[in-house]
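The values are calculated or read from the model by the stated rules, or taken from the named source; none is laboratory data. Computed from a predicted model, the values in this text were never measured in an experiment. For neighbour counting, all protein chains shown are included, and Cβ atoms are generated from backbone atoms with ideal geometry for every residue, glycine included. Areas reflect the complete protein model, heavy atoms only, side chains present, ligands, DNA and RNA absent. Shrake-Rupley method; radii C 1.70, N 1.55, O 1.52, S 1.80 Å.
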Amino acid sequence: MDKRLTVFGDVPVYDDISKIKEIPDVIVDFSHVHATLEILKFADDKHIPIVIATTGFNREQEKILEDYSKRLPVFRSANMSFDINLMCKLVAQIAPLFADSDIEITETHHRNKVDAPSGTALLLANSINDALGGKMKYVYNRHDLSQKREANEIGFTSIRGGNIVGEHVVQFFGPNDTFEIKHTSYSRTVFAEGAVKALKFIADKPNGLYTMNDLV
């Protein structure tokens with residue numbers, strides 16, 4: 001029995017990727033880690049370029065994703081917003097100027113978001129850490145530490161509630177003042193717009209792992 005449903009005119013919807021009969025030009029994935037790995041198998045079998053916006057991969061899953069990118073074009077970004085990727089560039093540029101500051105990242109999302117901290121928060125932290133020579137240590141839970149803050153830490157705070165699309169704040173705490181950069185998403189449209197740009201970019205690219213840096 002064909003489990004396909006038809007919505008929005010002639011656009012088909014399936015309950016299992018293995019049942020898809022059409023061969024798409026590009027796949028865009030905003031799902032869950034385990035679903036993404038299944039979608040990657042399908043993309044690999046059909047050699048279809050794929051855009052991945054899913055977050056929450058562990059190191060082993062990251063390696064699997066990299067292995068797939070050797071056989072097909074893979075575009076990956078923890079956040080499809082152009083402004084967020086601009087924010088990553090900005091914090092990387094200013095981080096060396098605040099090298100003696102205490103750095104904290106606070107992210108707020110809707111109550112149904114599973115991973116914490118968000119992939120975007122980690123993207124921002126990695127941008128800062130790379131700019132500072134990779135010396136920073138990530139701290140996710142101070143409750144169990146019972147010790148003073150160390151100088152080379154990036155602390156994370158995750159807030160979940162309501163239907164908030166996404167908010168990220170990077171703060172540099174000095175002895176006499178605080179400097180912060182903040183981005184707030186009011187609509188998920190920004191992610192859709194970024195995904196469309198990404199799929200157009202990746203459609204004719206050779207095998208490899210691409211990011212927003214390549215697109216920008």
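Restricting the first member to segment 91-106 and to residues that are touching a residue at least 60 places away in the same chain (Cβ under 8 Å) and farther than 18 Å from ASN176 by Cα, and the second to residues that are β-branched (Val, Ile, Thr) and part of a helix (DSSP H, G or I), the beta-carbon pairs closer than 8 Å and six or more apart or on different chains are VAL91/ILE128. For segment 52-77, residues that are assigned to a helix (DSSP H, G or I) and within 17 Å of PHE42 (Cβ to Cβ) total 5. Of all residues in segment 180-191, exactly one satisfies the criterion of being assigned to a strand (DSSP E or B), polar (S, T, N, Q) and open to solvent by 30 Å² or more (accessible area, probe 1.4 Å), namely THR184. Within segment 163-174, being in a loop (DSSP other than H, G, I, E, B) and open to solvent by less than 50 Å² (accessible area, probe 1.4 Å) holds for VAL165, GLY174.
Screening ASP44 with (1) within 26 Å of LYS200 (Cα to Cα); (2) of a type outside the set (A, V, I, L, M); (3) within 15 Å of the chain's Cα centre (by Cα) gives one miss only, at (3). Considering only residues in segment 1-49 that are of a type in the set (Ser, Thr, Tyr) and open to solvent by 50 Å² or more (accessible area, probe 1.4 Å), the one that is modelled with the lowest pLDDT turns out to be THR6. Is one or more of the residues making up segment 60-72 in contact with a Ser or Thr (Cβ under 9 Å, 6 or more places away or on another chain) and open to solvent by 10 Å² or more (accessible area, probe 1.4 Å)? Yes, there is a match, as at least one residue in segment 60-72 is in contact with a Ser or Thr (Cβ under 9 Å, 6 or more places away or on another chain) and open to solvent by 10 Å² or more (accessible area, probe 1.4 Å). Of MET87, MET80, all but one fail to be hydrophobic (A, V, I, L, M, F, W, C) and either surrounded by fewer than 17 Cβ atoms within 10 Å (Cβ to Cβ) or assigned to a helix (DSSP H, G or I) (or both); the exception is MET87. Of the conditions (1) more than 16 Å from PHE98 (Cβ to Cβ); (2) open to solvent by 70 Å² or more (accessible area, probe 1.4 Å), ASP177 satisfies every one except a single condition; which number is it? That leaves (1) as the condition not met. Evaluating ILE103 against the criteria (1) under 28 Å from LYS205 (Cβ atoms); (2) crowded, with 20+ Cβ neighbours inside 10 Å leaves one unmet condition, (1).
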